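One structure is given below, encoded as structure tokens.
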Amino acid sequence: MQSKWIPWTCALTAVVAASTASAADYRPLTISSVSVIGADNTELFGHAAFEFGREASDGAGQGPGNDIGTGDYDNLRLGPLGFRYGLTDDFEYGAYFTFNSNADDDDGAPDDSGLEGITGFAKLQLNQHFALEVGARAGGADDVAPYPNDGLDFYVNLPMQRSLGPGLVYGELGYTIQDNDIGGTYANWGIGYAHPLDTGTNLNVELRGDESPTGDGNHMDLIVGAGLQVEQVHLRPYLGLGLYDASPDVSFGIGASLPL
């Protein structure tokens, strides 16, 4: 049981122990960033991904009324899609939603579609290295894999970053409290590095995972992508490889941000 804390410890140690250099604002691909948007600024953001070969095991759907199914399936995720607004230079709030569409590869595997939930959040940047984000999620479906929702979920997340050579090492540690009918609680973690390639362009590598909220096996993905500034839009295309069975075998995704 103690092994589940190893990724947390590695992520925290790598970020905090990294050597200090001139900081740069490189956006993560799928991990929460430390930086906030700044006072009176608004940004729209979105994300889309297609994931091949997720596996729901016999542990899925253990909660009452939560029959997700078992077997291999593909997942199309649209989200998070939402906005954020800077109330002060150190504090922002926002909201987003995520929609999932599943297609089963095996008989009885997850094949339902619906909202993963509607989330409201607030983030306080504590200093140049750490931020604190809290949020609540509701309005999702209890039979939509891989992150069902039933009732009101709460989460807390600690993004972190530190300059390392010419780039930036970053990470996050988080915890979600769910309704017991879904799975109770689960932890998430991630660590990544952004390396500058050219003005407005950087290469990102991330390792991201979480404890499954439905008991169908933990998730962990190796993600490689880039941050690209195209006019006012910041694009973040990536390729992901699943390292655990419950993770997608292969995923393709893109994130985008547009300041208003």
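The values are calculated or read from the model by the stated rules, or taken from the named source; none is laboratory data. Please read these numbers as outputs of a predicted model, since none were measured by experiment. Counting neighbours? That spans all protein chains shown, and the Cβs are built from the backbone with ideal geometry, glycine included. Only protein heavy atoms, including side chains, enter the accessible area calculation; ligands, DNA and RNA are left aside. Shrake-Rupley method; radii C 1.70, N 1.55, O 1.52, S 1.80 Å.
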- Query: Expressed in nm², what is the orientationally averaged projection area of the convex hull enclosing the Cα positions of region 41-252?
  - Reply: 11.3
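Sorted by average packing, counted as other Cβ atoms within 10 angstrom per residue and highest first, what order do 34-47, 230-243 take? Write out the running numbers ahead of the final one.
Values: 34-47: 17.4, 230-243: 14.8.
So the order, starting with the most tightly packed, is 34-47, 230-243.
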- Two pseudo-spin positions, 7 Å from Cα along C-beta at Gln229 and at Thr201, lie apart in nanometres by 1.4
- Roll a 1.4 angstrom probe over the protein heavy atoms and tell me the percent of accessible area of region 111-260 that is carbon or sulfur. 61
- Compute the accessible area per residue over region 41-252, keeping the other protein chains in place, probe 1.4 Å, unit Å². 42
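Tell me whether region 93-137 comes out rounded, prolate or oblate; compute the Cα gyration tensor, take square roots of the eigenvalues as a ≥ b ≥ c, and use a/c under 1.5 as the rounded threshold. Mind dumping the intermediate values first?
Working: a/c = 5.19, a/b = 2.77, b/c = 1.88.
Taking the square roots of the gyration eigenvalues as a ≥ b ≥ c, region 93-137 is prolate.
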- Item | Integer Hz, Karplus 6.51/-1.76/1.60 couplings in order for region 223-235, x for Gly and Pro | 10, 10, x, 9, x, 10, 9, 10, 6, 8, 9, 9, 9
- Non-local amide H neighbours of Leu197 (under 5 Å, H modeled in plane, Pro and chain starts lacking H): which ones? Asn202, Leu203
- Subtract the Cα-Cα distance of Ser113 and Ala187 from 0.36 nm times their separation in residues, and report this length gain in nm to one decimal. 24.2 nm
- Item | Gain in span if fully extended, Ala95 to Leu78, counting 0.36 nm per residue against the direct Cα distance | 4.7 nm
- Where does the charge balance sit around Ala39 when Lys and Arg score +1, Asp and Glu -1, over other residues with C-beta under 12 Å from its C-beta? -4
- Which ³J(HN,Hα) values, rounded to whole Hz and listed in residue order, are derived for region 44-52 from phi using the Karplus coefficients 6.51, -1.76 and 1.60 in 6.51 cos²θ - 1.76 cosθ + 1.60 with θ = phi - 60°, glycine and proline given as x? 8, 9, x, 7, 9, 8, 10, 10, 9
